[in-house]
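The values are calculated or read from the model by the stated rules, or taken from the named source; none is laboratory data. Remember, predicted model here, so these are calculated numbers, not experimental data. No Cβ is skipped: glycine too gets one built from the backbone with ideal geometry, and neighbour counts run over all protein chains shown. With ligands, DNA and RNA removed, areas are computed over all heavy atoms of the protein, side chains included. Shrake-Rupley method; radii C 1.70, N 1.55, O 1.52, S 1.80 Å.
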Amino acid sequence: MATKPIIFSIDDDPAVLASIVRDLRGRYGKTYRIMRADSGSAALETLRELRQRRAPVALLLSDQRMPQMNGVELLQQSMNLYPDAKRALLTAYADTGAAIEAINEAGAHHYLLKPWEPPEEQLYPVIDDLLNDWQASYRPDFEGIRLIGHQWSPEAHALKDFMARNHVPYQYLDIENHTDATTTLKEFGGQATNLPFVIYPDGHTATAPTTEDMASQLGLQTRASNTFYDLAIVGGGPAGLAAAVYGASEGLRTVLIEREAPGGQAGTSSRIENYLGFPSGLSGGDLARRATTQARRFGVEILTPQSATQLDVDGLYRVLTLSDGTQISAHAVVLSVGLSYRKLSTSGVAQLEGRGIYYGASLTEATACSNQTAFVVGAGNSAGQAAVYLSQFAKRVVILVRGDSLEAKMSMYLVERIRCIDNIEVKLNTEVEAVHGEQHLEAVTTVDTVTNEQTTEDAIALFVFIGAVPYTEWLGEQVMRDAKGFICTGPQVMQAEDRLPTSWTLKRLPFLLETSVPGVFAVGDVRSQSVKRVASAVGEGSIAVQFVHNHLANL
């Protein structure tokens, strides 16, 4: 709910103050918050606190005759804090000189005489006019988190990405390009040499917080409320969220552990247009938000940001050790840990990560490409969707494809969309040869792999989509994986001569999505030979819950 604008009354006479507040509250209390102060210094102190909380002040109504600081002086000093607020002086008939001074020197908009009886004639018409004028030009301040940083700061990029993917409203103020950034930083006691700087809605601040620190401040759950669950899901992509929804809706006490943000890599997709039931498409963020809300509705505990670092077997229990050192156990575990983006091996890339070179869509950086050239490396759907989205901001988007065809790995609807966008250029048989820049990316050198011709062009950003590797190193040897690290399930678990591995302790054969450890299932992109599509991942996550029920029935 939006914060009510404030009408602030100041008077050192308790009886007069109580009377004016009573009349103001009776007329305006439903729409405005009525505040009071008994001195000018107290009023200024309160105004400073309100300013830090970005609370809107519509009207200051101050008595003239107050000790230490009179009304004119108060209204004059208040202009530094709330220059757009309406200011009115409450004075006696004999003080018309003070009233004129208030208008000339303190920017007062009106003066009112005491007594103001009846208020319907002597008070409300004036206040109504002042408030109507204020409302006509009032633009509500942003009430979420404010982040002040450098455009080329990897730390600021990580915080922006974390908030965007967790659907946390925020406002980013670039210290070099945003006019309010320096003023706001000074107001809250921050230093331009120590960024990023975060201002929370309640006025609390933090310098260079980690995503874990921010999660704690935002009230995100990072620790499990129980030590045992029927079902523990590691990974919050579409497959993991689907397993969570179906598991919890069918009565299983369910916890989901996600190391970054619900939605996984799909959550960063700018547009998914071939997902069944959404003819106009939907963004990965929308899909993640809907699925997360649905999971929480059924009682799923979602821990984020939190990682699983070890999986152990203890009789009938599967024990997960988390990155904070805590452990949770469950009868069944679903692994939906997804993939990590493969890094470019070109020299100098690592130094510019988060400074113009980004892995994945990183939609938070799209607006920074305005009227500039942005490069996209990759030929899959994620690369195509990112290019289409970036074309709305960048003057020119160049897609670099290592192969000789865009159609080989990208859906045809997306290929046709790209061909219709004038400011997207596709370069086939092309790779990144070098990147250039000191503090941030400035240029990219590409090489034609057929002719060996090199080209260097200015670039504001390079978005990389060159495949991904499974996030499975933490599982150890007991969970069987293929040569590329993807998890084997069902018939893939069988070894030579149809023998099961020693980690398999049951008489029955593994279920279709079950790994080499009974009661541990793998779904989505991390599963060996899976179909790398959102719909397929959702289907596997849903189906896995039926196998979980079958496993639990035999315990």
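Heavy-atom surface analysis with a 1.4 Å probe gives the chain a carbon and sulfur content of 48 percent of its accessible area. Label-to-label distance for Arg296 and Lys507 is 4.6 nm, based on points extended 7 Å past Cα in the beta-carbon direction. When the GluC sites (Glu not before Pro) in region 133-191 are filtered for DSSP coil states and for at most 12 other beta-carbon atoms within 10 Å of their beta-carbon, the remaining sites are Glu176.
The mean accessible area for residues of region 395-455, using a 1.4 Å probe and ignoring ligands and nucleic acids, is 58 Å² per residue. Only the Cβ atoms of Lys and Arg (+1) and of Asp and Glu (-1) were treated as charged; on that basis the dipole of the chain about its Cα centre amounts to roughly 1580 debye. For the chain, the tally of Lys pairs with Cα-Cα distances below 29 Å comes to 27, considering only residues 8 or more apart or on different chains. Using the Cβ of Leu74 as centre and a radius below 10 Å, the other residues enclosed give a net charge of -1, where K and R count +1 and D and E count -1.
The gain in end-to-end length when the Thr455 to Ile100 segment is fully stretched comes to 120.8 nm, 0.36 nm per residue minus the alpha carbon separation. Residues in region 160-268 average 42 Å² of solvent-accessible surface per residue, probe 1.4 Å, ligands and nucleic acids excluded.
In region 292-420, a dipole from Cβ-located charges (positive for Lys and Arg, negative for Asp and Glu) runs towards its positive end, and of Gln385, Val313, Ser336 it is Gln385 whose Cα lies farthest in that direction.
Stretched out straight at 0.36 nm per residue, the stretch from Thr321 to Glu438 would grow longer than its current Cα-Cα span by 38.1 nm. Rounded to the nearest whole Hz, the Karplus-based 3J(HN,Hα) values (6.51 cos²θ - 1.76 cosθ + 1.60, θ = phi - 60°) of region 224-232 follow the sequence 5, 7, 10, 9, 9, 9, 5, 9, 10, with x at glycine and proline. Across region 279-358, C-alpha contacts under 8 Å between residues 6 or more apart give a mean separation that, scaled by the residue count, equals a relative contact order of 14 percent. Within the shell defined by Cβ-Cβ distances under 10 Å, the residues around Gly384 carry a net charge of +3, with Lys and Arg each +1 and Asp and Glu each -1. From the alpha carbon centroid of region 457-531 to that of region 230-261 is 18 Å.
Judged by the ratio a/c of the largest to the smallest principal axis of the C-alpha gyration tensor, region 84-168 counts as prolate, that ratio being 1.5 or greater while a/b is larger than b/c. Starting from the Cα-Cα distance between Lys30 and Asp180, subtract it from 0.36 nm times their residue separation and give me the gain in nm to one decimal. Roughly 50.8 nm would be gained on extension. Computed from the Cβ-Cβ distance with R0 of 25 Å, the FRET efficiency linking Val531 to Trp474 stands at 0.55. Over the chain, dividing the summed -39,500 (n - 2.57) contributions of all DSSP H runs of at least 4 residues by the number of residues returns a 222 nm mean residue ellipticity of -8500 deg cm²/dmol. Each residue of region 523-535 is assigned a 3J(HN,Hα), and the resulting list reads 9, x, 4, 6, 7, 4, 6, 6, 7, 7, 9, 4, 4 Hz, derived from the Karplus form 6.51 cos²θ - 1.76 cosθ + 1.60 (θ = phi - 60°), x at Gly and Pro. Applying 1/(1 + (r/R0)^6) with r as the Cβ-Cβ distance of Met412 and Gln77 and R0 = 56 angstrom yields a FRET efficiency of 0.25. The relative contact order of the chain comes to 10 percent, based on Cα pairs under 8 Å that sit 6 or more residues apart. Region 120-167 and region 427-455 have Cα centres separated by 42 Å. Using the Karplus relation 6.51 cos²θ - 1.76 cosθ + 1.60 with θ = phi - 60°, the per-residue 3J(HN,Hα) values for region 69-78 come to 9, 7, x, 4, 4, 4, 4, 5, 6, 5 Hz, with x marking Gly and Pro. Amide H contacts of Ile357: Leu441, Leu462, each under 5 Å away and 5 or more positions distant or on a separate chain (H built 1.01 Å from N in the peptide plane; Pro and chain starts excluded).
For Asp312 and Ala158, what is the calculated FRET efficiency with R₀ set at 35 Å and r taken between the beta-carbons, to the nearest 0.05? E(calc), rounded to 0.05, equals 0.70.
Remark: the Cα gyration tensor places region 240-378 in the oblate category, a/c being 1.5 or greater and a/b not exceeding b/c.
Rounded to the nearest 20, the size of the Cβ-charge dipole of region 259-377 about its Cα centre is 240 debye, with Lys and Arg at +1 and Asp and Glu at -1. When the Cα gyration tensor is reduced to axis lengths a ≥ b ≥ c, the ratio a/c is 1.5 or higher for the chain, and with a/b above b/c it is classed as prolate.
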